[in-house]
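**Q** What follows is a structure written as structure tokens; I'll ask about it next.
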Amino acid sequence: MSNSNQYPKLLEPLDLGYTKLRSRTIMGSMHTGLEEDSEGLGKMAEFFAARAKGGVGLLVTGGFSPSARGGLGPHSSTMISSEDAERHKIVTQRVHEEGGLIALQLLNAGRQSYSEDLIAPSAIKSPIYPFTPHPLSAEEVEEEIESFVNAAVLAKSAGYDGVEVMGSEGYLINQFLSERSNQRDDKWGGSYENRMRFPVEIVSRMRERVGEEFIIVYRLSLIDLVPGGSTWDEVVTLAKAIEAAGATIMNSGIGWHEARIPTIATMVPRAAFTHIAAAIRKEISIPVCASNRINTPEVAEQVLADGEADLVSMARPMLADPEFVNKARNGQRANINVCIGCNQACLDHTFSGKRASCLVNPQACHETELLYTPTAQPKKVAVVGAGPGGLAYARVAAKRGHNVTLFDANTKIGGQFNIAKQIPGKEEFQETINYFQAEFEKYGVDLRLGETVDAAVLIEGGYDQVILATGIVPRKLELEGADHSKVLNYLDVIRDKKPVGKRVAIIGAGGIGFDVAELLSHGKINTALDKMAFFKEWGIDATLNSRSGIEGVKESFEPSSREITLLQRKTTKVGAGLGKTTGWTHRATLINKGVTMLNGVSYQKIDDAGLHITVGDEPRLLEVDNVIICAGQESLKALQAPLEKANIQVSLIGGADLAVELDAKRAIDQGSRLAAEL
């Protein structure tokens, strides 16, 4: 069934004259780790081919350095030789076989690099990278410009349809533009006209060398969100100069990596920054692409219908579902596996030096290894527990052709997702639940909800395989007074909505402890759903009058109406174990709301007076109304022994297998991989 009229703008082709994009979608650049893998280009070929087959208008690769000194790290991938170009032909050929177009992103990291051989306009260290860069001489600046031009010529010879010049996110080009990182006094520094010469020369010389029939996308930093960044007038001046220099498409970047403002995490409202793309679109005539937290076809359609942009960039959404565009075209919106903005398997992996993937789609970046092939011998399978692990197993097994019955004592699927989605800023988890529901209807999973299944039912059911995805229960605290009336656990608070007093101590500062603190400290406005409230909270100027979008604007967090203390036994920084790219945002939010964080805590007892603790050698009493326990979990695996005794094949996945911090990423990956082997 074709239903493309539901998203007419999104699915409309874009005519560039000599070539045409099939839809108004760009898969934005994401570094996946495949770029450096020894067999990475073959894996990249299948990764991008899947998304080309899925209908994406233009694919953009992860960043490849145009020069030996421009990599993100000491072993970063480059496009500097004809040998490099030859190796890339496998990628472009596979994408073209699937009817897609692909651009190679050219990224010179500058001072944002883990390589000791890093370069920059001036010898000023980035606050979040370890090394001070070598300041480029005037001659070396010319060499770096030529390296971009040479890389574009090589990309064309490799079969790429274009390149994207990475001019945002605080990389080398951004570093030339900003006085924060450019304190030169030659023709590449000083006035803005001098500082912007670097990117303008790159695009101008590039267009001259590659000819007219080659896409040049320029990724423009629309709002830097760091002190000393560009003013809006400077951004407009640069955009016009880049258009005149020969760019085909203006893509948008939001914030430097060192900005202390969340720009893509799930707490950021959908399409939060598209009004800035709309503002630049009024100033130039080439197509403008909006980006950041555009994750569903209806959000994308709205951005385009409102005239805010000509194209939408969706990187992580295409990671989550390579068939995103085709499903939108074919009236299968419910079956789109929506990106939830968690960053746990994509950016957190990338910044930890691991291969990227996706929490809701473990096949991402593993297309050649994790295969869901149709089975020749359908089996009868029972899955007990409809949390993340059980959902993933049931879907993959049913998709492959097995007969799957899914039991859960709850009356709805989702398990811990139903807990997570109630935390302000994590509403996106509902999208994942909706997706599994639609997939179960598509593949005929027999759902038995509201049924507490016992071993006898499973033994008599004649199942070839039983999967226990029964999850976890909160661990009880071995502490004097742990059964006091003021003690609650996280399920009491989040799921059961038990009343919580004004003064609260939370024992355990892992992800669940932070979630409870976020829930209890939240004010009346949910900033994840209210763009202007989000901007006010983080001190962003929506009018674009402030330099860099932030100068002279104060953060304005609504203080918590409760006194909350978040406690942990470990002596490490509270929140150190949270996600690499989002942990700091959760920590900053709570601190800004007045939550107290204590580490190195020993718990003594709970009584009418409150929670008695020792911090270091100092005894303290926290006079609280409630103590909330978020200190670990225990697996639920009671069914395992009787089933094994009856010689039933049993596998444990998710929390039932390993009761660590609630870990949907591990549970979905484990469930999917096990079902792929069935």
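**Q** Please indicate, with yes or no, whether at least one residue in segment 108-116 is free of Cβ contacts under 8 Å to residues at least 60 places away in the same chain, on the phi < 0 side of the Ramachandran plot and more than 29 Å from the chain's Cα centre (by Cα).
**A** There is no residue in segment 108-116 that is free of Cβ contacts under 8 Å to residues at least 60 places away in the same chain, on the phi < 0 side of the Ramachandran plot and more than 29 Å from the chain's Cα centre (by Cα).
**Q** Within segment 337-351, can you find the residues that are part of a helix (DSSP H, G or I) and under 19 Å from residue 51 (Cβ atoms)? Show your work before the answer.
**A** Restricting attention to segment 337-351, the residues satisfying the condition of being part of a helix (DSSP H, G or I) are 347-350.
If the condition is that a residue be part of a helix (DSSP H, G or I) and under 19 Å from residue 51 (Cβ atoms), then 347, 349, 350 are the ones that fit.
**Q** Still on this model: Could you pull out the residue among 255, 307, 246 that is surrounded by 23 or more Cβ atoms within 10 Å (Cβ to Cβ) and at pLDDT 95 or above?
**A** Result of the check over 255, 307, 246: 255.
Results for (1) outside any helix (DSSP H, G or I); (2) modelled with pLDDT of 95 or more, shown as yes or no for each residue.
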site: 353; (1), (2): yes, no
site: 356; (1), (2): yes, no
site: 365; (1), (2): yes, no
site: 375; (1), (2): yes, yes
site: 394; (1), (2): no, yes
site: 427; (1), (2): yes, no
site: 435; (1), (2): no, yes
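**Q** Is one or more of the residues making up segment 501-508 touching an Asp or Glu at 6+ places or on another chain (Cβ under 9 Å) and assigned to a loop (DSSP other than H, G, I, E, B)?
**A** Within segment 501-508, one or more residues are touching an Asp or Glu at 6+ places or on another chain (Cβ under 9 Å) and assigned to a loop (DSSP other than H, G, I, E, B).
**Q** Within segment 257-267, identify whether any single residue is under 16 Å from residue 313 (Cα atoms), in a helix (DSSP H, G or I) and hydrophobic (A, V, I, L, M, F, W, C), and answer yes or no.
**A** No, segment 257-267 contains no residue that is under 16 Å from residue 313 (Cα atoms), in a helix (DSSP H, G or I) and hydrophobic (A, V, I, L, M, F, W, C).
**Q** I'm trying to understand the selection: among the residues of segment 322-343, which are buried (at least 22 other Cβ atoms within 10 Å of the Cβ) and of a type in the set (S, T, N, Q)?
**A** 337, 343
**Q** Can you tell me how many residues in segment 100-131 are surrounded by fewer than 17 Cβ atoms within 10 Å (Cβ to Cβ) and not aromatic (Phe, Trp, Tyr)?
**A** Number of matching residues: 8.
**Q** Out of all the residues in segment 171-229, which are in a loop (DSSP other than H, G, I, E, B), among the aliphatic types (A, V, I, L, M) and in contact with a Lys or Arg (Cβ under 9 Å, 6 or more places away or on another chain)?
**A** Narrowing segment 171-229 to residues in a loop (DSSP other than H, G, I, E, B): 171, 178-191, 196, 211-214, 224-229.
Keeping just the survivors that are among the aliphatic types (A, V, I, L, M) gives 196, 225-226.
Those that are in a loop (DSSP other than H, G, I, E, B), among the aliphatic types (A, V, I, L, M) and in contact with a Lys or Arg (Cβ under 9 Å, 6 or more places away or on another chain): 225, 226.
**Q** Starting from segment 87-100, take each residue that is farther than 15 Å from residue 21 by Cα and touching a residue at least 12 places away in the same chain (Cβ under 8 Å) and list its partners that are surrounded by 15 or more Cβ atoms within 10 Å (Cβ to Cβ) and of a type in the set (Val, Ile, Thr), counting only C-beta distances under 9 angstrom and pairs at least six apart or across chains.
**A** 88/61; 91/61; 91/102; 92/102
**Q** Looking only at residues that are in contact with a Gly (Cβ under 6 Å, 6 or more places away or on another chain) and outside any loop (DSSP other than H, G, I, E, B) in segment 99-118, which one is farthest from residue 165 (Cα to Cα)?
**A** Residue satisfying both the conditions and the ranking: 103.
**Q** Given the criterion under 30 Å from residue 530 (Cα atoms) and more than 23 Å from the chain's Cα centre (by Cα), identify the matching residue among 413, 433, 419.
**A** Every option except 413 fails the conditions.
Residue-by-condition table, conditions (1) among the aliphatic types (A, V, I, L, M); (2) modelled with pLDDT under 90; (3) out of contact with any helix residue (DSSP H, G or I) (no Cβ under 7 Å at 6 or more places or on another chain); (4) under 30 Å from residue 517 (Cα atoms):
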{"position": "432", "(1), (2), (3), (4)": "no, no, no, yes"}
{"position": "444", "(1), (2), (3), (4)": "no, no, no, no"}
{"position": "449", "(1), (2), (3), (4)": "yes, no, yes, no"}
{"position": "455", "(1), (2), (3), (4)": "yes, yes, no, no"}
{"position": "465", "(1), (2), (3), (4)": "no, no, yes, no"}
{"position": "468", "(1), (2), (3), (4)": "yes, no, no, no"}
{"position": "472", "(1), (2), (3), (4)": "yes, yes, no, yes"}
{"position": "480", "(1), (2), (3), (4)": "no, no, yes, yes"}
{"position": "495", "(1), (2), (3), (4)": "no, no, no, yes"}
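**Q** Among the residues of segment 428-454, what is the count of those that are among the charged types (D, E, K, R) and buried (at least 18 other Cβ atoms within 10 Å of the Cβ)?
**A** 3
**Q** OK, next. If I filter segment 30-54 down to residues being in contact with an Asp or Glu (Cβ under 8 Å, 6 or more places away or on another chain) and closer than 15 Å to residue 77 by Cα, which single residue comes out as surrounded by the fewest Cβ atoms within 10 Å (Cβ to Cβ)?
**A** Just the residues of segment 30-54 that are in contact with an Asp or Glu (Cβ under 8 Å, 6 or more places away or on another chain), to begin with: 43-44, 46-47, 49-50, 52-54.
Subset that is closer than 15 Å to residue 77 by Cα: 43-44.
Values: 43: 20, 44: 25.
Step by step, filter segment 30-54, then rank; the result is 43.
**Q** Now for a separate question. Can you name the residue in segment 455-489 that is aliphatic (A, V, I, L, M) and assigned to a strand (DSSP E or B) and, of all such residues, is surrounded by the fewest Cβ atoms within 10 Å (Cβ to Cβ)?
**A** 473
**Q** For segment 59-79, enumerate the residues that are part of a loop (DSSP other than H, G, I, E, B) and either buried (at least 18 other Cβ atoms within 10 Å of the Cβ) or not assigned by TED's automatic domain parsing to the domain that holds residue 143 (or both).
**A** Filtering segment 59-79 for residues part of a loop (DSSP other than H, G, I, E, B) gives 66-77, 79.
Residues satisfying the conditions are 66, 67, 69, 70, 71, 72, 76, 77, 79.
**Q** How many residues does segment 1-46 contain that are assigned to a strand (DSSP E or B) and either touching a residue at least 12 places away in the same chain (Cβ under 8 Å) or among the hydrophobic types (A, V, I, L, M, F, W, C) (or both)?
**A** 5
**Q** Against the condition buried (at least 22 other Cβ atoms within 10 Å of the Cβ), modelled with pLDDT under 90, out of contact with any Asp or Glu (no Cβ under 7 Å at 6 or more places or on another chain) and in a loop (DSSP other than H, G, I, E, B), how does residue 662 come out, does it pass?
**A** Details: buried (at least 22 other Cβ atoms within 10 Å of the Cβ): yes; modelled with pLDDT under 90: yes; out of contact with any Asp or Glu (no Cβ under 7 Å at 6 or more places or on another chain): yes; in a loop (DSSP other than H, G, I, E, B): yes.
Answer is yes for this residue.
**Q** Under 9 Å by Cβ, and 6 or more places apart or on different chains, what pairs join a residue from segment 208-237 that is within 22 Å of residue 190 (Cβ to Cβ) with one that is in a loop (DSSP other than H, G, I, E, B) and of a type in the set (Phe, Trp, Tyr)?
**A** What qualifies is 221/256; 224/256; 226/256; 229/256.
**Q** If I filter segment 267-280 down to residues being in contact with an Asp or Glu (Cβ under 7 Å, 6 or more places away or on another chain) and buried (at least 22 other Cβ atoms within 10 Å of the Cβ), which single residue comes out as nearest to residue 161 (Cα to Cα)?
**A** Looking at the filtered set, the residue picked out is 277.
**Q** Over 24 Å from residue 211 (Cα atoms) and surrounded by fewer than 18 Cβ atoms within 10 Å (Cβ to Cβ) - does that describe any residue in segment 13-29?
**A** no
**Q** Yes or no: residue 523 touching a residue at least 24 places away in the same chain (Cβ under 8 Å), in contact with a Cys (Cβ under 8 Å, 6 or more places away or on another chain) and at negative phi?
**A** Numbers: touching a residue at least 24 places away in the same chain (Cβ under 8 Å): yes; in contact with a Cys (Cβ under 8 Å, 6 or more places away or on another chain): no; at negative phi: yes.
Against the criterion (touching a residue at least 24 places away in the same chain (Cβ under 8 Å), in contact with a Cys (Cβ under 8 Å, 6 or more places away or on another chain) and at negative phi), residue 523 does not qualify.
The values are calculated or read from the model by the stated rules, or taken from the named source; none is laboratory data. All values reported here derive from a predicted model rather than from experimental measurement. Counting neighbours? That spans all protein chains shown, and the Cβs are built from the backbone with ideal geometry, glycine included.
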